[in-house]
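Quick notes on the structure that follows.
The values are calculated or read from the model by the stated rules, or taken from the named source; none is laboratory data. Computed from a predicted model, the values in this text were never measured in an experiment. Cβ placement follows ideal geometry from the backbone for every residue including glycine, while neighbour counts extend to all protein chains displayed. Keep in mind that these areas ignore ligands, DNA and RNA; they rest on the heavy atoms of the full protein, side chains included. Shrake-Rupley method; radii C 1.70, N 1.55, O 1.52, S 1.80 Å.
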Amino acid sequence: MRPPTLLIHYGTYQPLWQQPGLIQVGPQIADGPDSLSLTELSVAGLRNALRQRGWASKGVLLQYTDPFLIRAAPMQGIRQWPGPRLLACGDLHHGPDPIGTLQQYCTAEPHDAVLLTFNPALLQDVQRRLPMPVRCFAPTFFRYPAAAPSPAPHLELLHVGSLGPHHPSRRELVEALVRRKQIPFRHATTSSADEAARLYAQHALVLNVPLNQDLNHRLFEVMAAGVPQMIFGDRSLLGDNSPLANRPDLFWASSIDKLETLVQRLFADPSKLKSIPVAPPPYWDLKALLKAALVP
């Protein structure tokens with residue numbers, strides 16, 4: 001039996017993320033067979049929590065964080081962990097100089113390697129600024145709810161997501177599509193990933209509006225629901241040599257005029273649109289992910 005992987009994150013326990021050998025650890029997680037509550041965000045606190053459960057301090061330490069959390073509640077004492085140390089970083093658009101925030105943290109708390117969870121377009125920038133190996137294998141350890149696409153989906157372009165003050169460009173696009181009335185369009189909000197998956201599966205096409213060079217969870221959520229998507233952005237978001245580059249279910253538009261024209265063309269032949277194959281997200285086996293991430 002190989003040593004476990006301790007995934008430290010700040011959310012609640014995620015059943016979909018579980019793989020053999022994975023233990024989820026965090027301040028919002030309760031003790032369980034494959035989970036560990038952590039009240040002190042430090043390696044010393046982690047080792048004490050493991051000791052209280054009768055578990056050894058060994059295996060891969062996989063910390064999932066982002067620049068906002070690094071500033072607000074950084075995991076400390078990384079050097080004290082006796083095994084491999086891997087940092088998975090998301091949301092490289094939070095706050096001023098997010099890459100600089102990551103760089104400062106990795107200087108103070110060195111890891112053996114860094115994974116960018118959703119920012120392949122920023123990979124080279126981060127590699128230039130960090131001394132350890134940096135790679136991007138989206139969607140890393142994440143998993144998303146699957147859904148069965150409707151046999152008779154609504155012929156509408158569906159957008160799901162917040163239009164709050166932190167997402168002005170997304171709000172502007174959605175409001176413009178509603179105002180222009182050039183395509184059948186629906187905006188919705190949901191309270192969970194499961195609810196979003198069911199809603200995606202009822203529609204013929206989903207709008208994805210990435211922000212700040214971030215592929216985002218929605219890209220993979222829509223794939224898992226089995227529905228093609230229209231991405232408002234540039235293909236450069238995928239970075240170089242992406243396994244997503246040639247997927248037939250991803251359509252790209254960099255302007256609202258191009259978006260509307262492409263949607264009109266797709267909706268003109270609903271049967272053809274529905275016949276487009278949508279493969280599941282390119283999920284990673286945990287053992288393969290760790291091996292690829294920790295290569296010197």
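Does residue 76 qualify as being touching a Leu at 6+ places or on another chain (Cβ under 7 Å) and either of a type outside the set (Lys, Arg) or closer than 21 Å to residue 48 by Cα (or both)? Spelling it out, residue 76 is indeed touching a Leu at 6+ places or on another chain (Cβ under 7 Å) and either of a type outside the set (Lys, Arg) or closer than 21 Å to residue 48 by Cα (or both). When you check residue 74 against the structure, is it surrounded by 15 or more Cβ atoms within 10 Å (Cβ to Cβ) and not charged (D, E, K, R), yes or no? Yes: the conditions hold for residue 74.
Condition test on residue 246, is it polar (S, T, N, Q), out of contact with any Pro (no Cβ under 6 Å at 6 or more places or on another chain) and without any contact (Cβ under 8 Å) to a residue 12 or more places away in the chain? Yes. Can you confirm whether region 190-211 contains a residue that is without any contact (Cβ under 8 Å) to a residue 12 or more places away in the chain, farther than 28 Å from residue 136 by Cβ and small (Gly, Ala, Ser)? Yes: one or more hits. Would you call residue 116 farther than 17 Å from residue 26 by Cα, open to solvent by less than 20 Å² (accessible area, probe 1.4 Å) and more than 20 Å from the chain's Cα centre (by Cα)? Spelling it out, it is not the case that residue 116 is farther than 17 Å from residue 26 by Cα, open to solvent by less than 20 Å² (accessible area, probe 1.4 Å) and more than 20 Å from the chain's Cα centre (by Cα).
Kindly indicate whether residue 176 is in a helix (DSSP H, G or I), of a type in the set (Gly, Ala, Ser) and loosely packed, with under 15 Cβ neighbours inside 10 Å. So residue 176 passes the test.
Residue 93 passes every criterion in (1) open to solvent by 40 Å² or more (accessible area, probe 1.4 Å); (2) over 22 Å from residue 236 (Cα atoms) apart from (2).
Restricting attention to region 133-149, does a residue exist that is assigned to a helix (DSSP H, G or I) and not hydroxyl-bearing (Ser, Thr, Tyr)?
Filtering region 133-149 down to residues assigned to a helix (DSSP H, G or I) leaves none.
Looking through region 133-149, none of the residues is assigned to a helix (DSSP H, G or I) and not hydroxyl-bearing (Ser, Thr, Tyr).
The residue of region 33-71 that is most open to solvent (accessible area, probe 1.4 Å), among those that are in a strand (DSSP E or B) and under 19 Å from residue 3 (Cβ atoms), is 64. Check whether at least one residue in region 260-282 is open to solvent by less than 40 Å² (accessible area, probe 1.4 Å) and without any contact (Cβ under 8 Å) to a residue 40 or more places away in the chain, and report yes or no. There is at least one residue in region 260-282 that is open to solvent by less than 40 Å² (accessible area, probe 1.4 Å) and without any contact (Cβ under 8 Å) to a residue 40 or more places away in the chain. For region 205-231, taking the residues that are modelled with pLDDT of 95 or more, outside any loop (DSSP other than H, G, I, E, B) and open to solvent by 10 Å² or more (accessible area, probe 1.4 Å), the one that is nearest to residue 123 (Cα to Cα) is identified as 221.
Considering region 244-259, the residues that are assigned to a loop (DSSP other than H, G, I, E, B) and open to solvent by less than 30 Å² (accessible area, probe 1.4 Å) include one that is farthest from residue 136 (Cα to Cα), namely 249. Anything in region 75-111 that is touching an Asp or Glu at 6+ places or on another chain (Cβ under 8 Å) and either under 22 Å from residue 217 (Cα atoms) or modelled with pLDDT under 95 (or both)? List them, or say none. Of everything in region 75-111, those that are touching an Asp or Glu at 6+ places or on another chain (Cβ under 8 Å) and either under 22 Å from residue 217 (Cα atoms) or modelled with pLDDT under 95 (or both) turn out to be 86, 89, 90, 91, 92, 93, 94, 98, 99.
Table: residues versus (1) within 17 Å of residue 210 (Cα to Cα); (2) assigned to a loop (DSSP other than H, G, I, E, B); (3) among the charged types (D, E, K, R).
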| residue | (1), (2), (3) |
| --- | --- |
| 86 | no, no, no |
| 91 | yes, yes, yes |
| 158 | yes, no, no |
| 165 | yes, yes, no |
